[in-house]
Amino acid sequence: MVAPESQFQQTSPMAKHAVRNKPSSCLSDSFLFIGGAMVALLLVWTLWSSINPNPYPNPSFGTIVNEAKTISASEVSNGRDCVINTQGANLRHDPPESTFYDDPQISYSIEKPVKNWDEKRKEWMKHHPSFAAGASERVLLVTGSQPSPCKNPMGDHLLLRFFKNKVDYCRIHGYDIFYNNVLLQPKMHTFWAKYPVVKAAMLAHPEAEWIWWVDSDALFTDMDFKLPLERYKEHNLVAHGWFHLVYEKKSWTSLNAGVFLIRNCQWSMDFMEAWAGMGPQSPDYEEWGRIQSRTFGDKLFPESDDQAALVYLILTGKHKWADRIYLEGEYYFEGYWLDIVGTLRNITEKYVELEGGERRLRRRHAEKVSESYGALMDHYLKEAGIGHGRDTLSRPFITHFTGCQPCSGDHNKMYSGESCWDGMQRALNFADNQVLRNFGFVHPDLLDSSLVTPLPFDSPA
């Protein structure tokens with residue numbers, strides 16, 4: 001209504017000049033006529049608005065609404081579709097009361113032990129109550145790579161894709177992620193480099209119950225599967241392996257230390273101290289290498305390594321360590337890539353078959369609600385007699401390209417560089433298809449990372 005009013009103000013002087021020689025009664029009649037016309041026009045407009053309040057009965061999602069409306073917090077919180085999140089962590093609140101962060105004796109360094117960590121974490125949580133909700137299931141994923149560029153010309157590209165895969169998984173499931181590419185302890189390189197990072201992450205994230213280390217050359221190949229944390233409630237460390245191979249075979253390959261889940265607690269601080277104590281920063285490093293070689297007959301190199309160190313701690317510390325360690329062998333907590341990449345085609349076909357028979361599984365949805373569709377797929381997998389165990393047609397959770405060395409290119413000689421490259425391409429695109437689907441696209445060929453095509457509606461009907 002602003003525009004008509006301004007036009008009227010601009011034209012009124014001209015009207016006065018046009019009628020200045022007429023009697024005043026004519027001027028009054030003119031104003032009465034114009035006023036009556038305006039009232040009639042407003043009346044017609046009001047009646048039309050009441051009859052048809054919405055001029056766009058079927059608006060598109062692209063319609064822009066400019067009308068502002070003030071809504072109270074109570075109206076929003078009581079609404080059925082809009083809810084204010086009052087349970088989220090307050091990231092702007094850090095009270096002045098002292099915590100362990102104010103203690104100059106606390107060190108992030110792997111060489112300096114931390115004591116009374118459970119009490120320190122509890123005290124910090126008390127001062128930050130907004131982090132209490134969901135604390136028992138809060139996970140921080142930690143990964144990383146070397147500080148320098150890769151020797152392999154494709155190495156940095158591959159590491160980027162492996163990292164993207166981890167970011168995708170964490171975004172879907174609401175996990176935080178930290179990527180490190182510096183040596184926090186210069187002497188602890190290669191596979192030993194992760195332990196200073198994990199210890200520092202425990203201190204940097206007291207709100208996280210679990211720290212989840214995943215090697216740079218490992219990727220998620222089931223973007224729906226979520227850690228069964230309830231299964232590990234009585235344990236503080238989870239790794240992929242088998243206890244019978246630890247105790248009966250005394251094999252250093254009875255488990256894999258490239259992916260592990262460790263609880264953020266004092267037990268873990270003590271365990272990390274013992275575990276890292278066999279590393280290259282220790283004055284006893286060479287002696288630990290000799291001890292491991294004597295203990296494990298299948299260990300072919302003399303240096304102390306983190307995997308053999310973990311097996312050794314389990315063997316020699318049942319009540320102190322082993323009783324709190326869970327070796328996961330029921331599903332691919334970490335799976336050897338050679339056992340997996342050849343099965344990806346059959347797994348894809350099985351999932352397409354299930355989706356083709358149930359419309360709810362192929363329904364388009366927002367990525368933020370992907371977990372509900374993952375749970376639905378899990379239901380239909382179980383109905384089809386397919387669990388998440390090994391040697392099934394379910395997607396393997398994590399595929400680990402151990403031995404391929406994507407950064408250096410110095411792969412294990414038991415297989416070719418081409419088999420490593422093709423395997424990584426297949427697995428990365430297999431995982432990426434699960435992400436791209438929510439964005440409307442798909443890789444039609446798992447060996448062609450650059451090609452994507454639009455995903456037809458209701459596919460694969």
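The values are calculated or read from the model by the stated rules, or taken from the named source; none is laboratory data. All of these numbers come straight from a predicted model, not from anything done at the bench. All Cβ positions, even for glycine, are placed from backbone atoms using ideal geometry, and neighbour counts span all protein chains on display. The protein model used for the area step is the full one, side chains on, heavy atoms only, and it has no ligands, DNA or RNA in it. Shrake-Rupley method; radii C 1.70, N 1.55, O 1.52, S 1.80 Å.
Only Cα pairs under 8 Å and at least 6 apart count here; give the relative contact order of segment 219-315 as a rounded whole percent.
27 percent
Would you mind getting the accessible area per residue of segment 282-432, heavy atoms of the protein chains only, 1.4 Å probe, in Å²?
Heavy-atom SASA per residue in segment 282-432 reads 50 Å².
Please state, as a whole number in µm²/s, the translational diffusion coefficient that the Stokes-Einstein equation yields for segment 345-461 at 25 °C and 0.890 mPa s, with Rh defined as the Kirkwood radius across alpha carbon pairs.
D, rounded to a whole number, is 155 µm²/s.
Net charge around residue 362, counting only other residues with Cβ within less than 13 Å of its Cβ (Lys, Arg = +1; Asp, Glu = -1)?
Net of charged neighbours comes to +1.
What Kirkwood radius, in Å to one decimal, follows from the Cα pairs of segment 259-336?
Its Kirkwood hydrodynamic radius stands at 13.6 Å.
Give, as a single signed number, the net charge of other residues whose beta carbon lies under 15 Å from the beta carbon of residue 101, with Lys and Arg counted +1 and Asp and Glu -1.
Result for the local shell: -3.
Which three extents, in whole angstrom, do the alpha-carbon atoms of segment 297-365 cover along their principal axes, largest first?
Projected onto the principal axes, the Cα atoms of segment 297-365 cover 53, 29, 19 Å.
Could you tally the net charge around residue 208, taking each other residue with its Cβ under 11 Å from the Cβ of residue 208, Lys/Arg +1 and Asp/Glu -1?
Net charge around residue 208: -1.
Remind me, relative contact order of segment 101-256 in percent, using alpha carbon pairs under 8 angstrom and six or more residues apart?
30 percent
Could you work out the relative contact order of segment 271-314, using alpha carbon pairs under 8 angstrom and six or more residues apart, expressed as a whole percent?
Computed over segment 271-314, the figure is 41 percent.
So for each of 359-371, 278-290 I average, over its residues, the number of other beta carbons within 10 Å; can you give me the resulting order with the highest mean first?
Per-residue Cβ counts within 10 Å, averaged per peptide and sorted highest first, yield 278-290, 359-371.
Of the accessible area of segment 189-228, with the probe set at 1.4 angstrom, what percent is carbon plus sulfur?
Its accessible area is 60 percent carbon and sulfur atoms.
Under a plain spin-label model, where a point goes 7 Å from the Cα along Cα-to-Cβ, how far apart in nm are residue 127 and residue 253?
Reported label-point gap for residue 127 and residue 253 is 5.0 nm.
For the residue pair residue 164 and residue 330, what label-to-label distance in nm results when each label sits 7 Å from Cα along the Cα-to-beta-carbon direction?
It works out to 3.5 nm between the two label points.
Determine the shape class of segment 151-262: with a ≥ b ≥ c the square roots of the Cα gyration tensor eigenvalues, call it rounded for a/c under 1.5, and otherwise prolate if a/b is greater than b/c, oblate otherwise.
It comes out rounded by the Cα gyration axes.
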